[in-house]
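Working notes for the structure below.
The values are calculated or read from the model by the stated rules, or taken from the named source; none is laboratory data. Source: prediction; values computed, not measured. Cβ placement follows ideal geometry from the backbone for every residue including glycine, while neighbour counts extend to all protein chains displayed.
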């Protein structure tokens, strides 16, 4: 199906279904993500030491709200699901954009720790143990404002946990 553009609210009385093979993307090498190819989809990470770079946030107001070619990408969400356990996996911004929010890293059903991003953090690094990243970990990043990606996640780890957030 071709790309469709709507101007104004879209209402569905029975919901929307995003399903099918095009709604899941498998990454097997370092990748710079795009809104068109990755936003709103489940991104399977199949590269233990992959570097997955989020697109730069574009928050400029378009000339017209109904311009189908506008570049504004506020609201774009990228959902990462770890399939291959991380050894040195990074989710990165462009360096200008920063993370706001946090992740919960669980070791067992009874132990875990919440980590909150710092104001300058632009990298999430998972190592498959103390920084999380075991298979089944999930991280969601949403462009919410100029230079701000909201991040939330439940990542699975082991050992003495440390923050997965860092500066590039």
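Observations on the structure shown:
- Residue match in segment 45-62 (condition: under 16 Å from residue 6 (Cα atoms) and free of Cβ contacts under 8 Å to residues at least 24 places away in the same chain): yes
- Residue 70 falls short of the stated requirement of being at pLDDT below 95 and loosely packed, with under 13 Cβ neighbours inside 10 Å.
- Summed over segment 101-111, residues that are closer than 19 Å to residue 87 by Cα and either touching a residue at least 60 places away in the same chain (Cβ under 8 Å) or in contact with a strand residue (DSSP E or B) (Cβ under 6 Å, 6 or more places away or on another chain) (or both) total 4.
- Selected residue [in a strand (DSSP E or B) and either crowded, with 19+ Cβ neighbours inside 10 Å or touching a residue at least 12 places away in the same chain (Cβ under 8 Å) (or both)] from 96, 87, 114: 114
- Residue match in segment 30-45 (condition: under 19 Å from residue 131 (Cα atoms) and surrounded by 12 or more Cβ atoms within 10 Å (Cβ to Cβ)): yes
- Total residues in segment 136-152, condition closer than 23 Å to residue 83 by Cβ, part of a strand (DSSP E or B) and free of Cβ contacts under 8 Å to residues at least 60 places away in the same chain: 3
Let's see how each residue does on (1) outside any strand (DSSP E or B); (2) under 13 Å from residue 149 (Cβ atoms); (3) under 11 Å from the mean Cα position of the chain (by Cα):
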| residue | (1), (2), (3) |
| --- | --- |
| 37 | yes, no, no |
| 48 | yes, no, no |
| 52 | no, yes, yes |
| 57 | yes, yes, no |
| 60 | yes, no, no |
| 70 | yes, no, no |
| 75 | yes, yes, no |
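- Scanning segment 99-111 for residues that are surrounded by 15 or more Cβ atoms within 10 Å (Cβ to Cβ) and part of a loop (DSSP other than H, G, I, E, B) yields one hit, 107.
- Figure legend. Inter-residue proximity from segment 9-21: first residues on the phi < 0 side of the Ramachandran plot and touching a residue at least 12 places away in the same chain (Cβ under 8 Å), second residues part of a loop (DSSP other than H, G, I, E, B) and surrounded by 10 or more Cβ atoms within 10 Å (Cβ to Cβ), beta-carbon distance below 9 Å, spacing 6+ or different chains. Indicated pairs: 18/40; 18/41.
- Filter result for residue 151 (over 17 Å from residue 49 (Cβ atoms), crowded, with 16+ Cβ neighbours inside 10 Å and more than 15 Å from the chain's Cα centre (by Cα)): no
- The listed residue being within 15 Å of residue 43 (Cα to Cα) and modelled with pLDDT of 95 or more, out of 146, 137, 129, 117: 137
- Condition met for residue 14 (surrounded by fewer than 15 Cβ atoms within 10 Å (Cβ to Cβ), assigned to a helix (DSSP H, G or I) and out of contact with any helix residue (DSSP H, G or I) (no Cβ under 9 Å at 6 or more places or on another chain)): no
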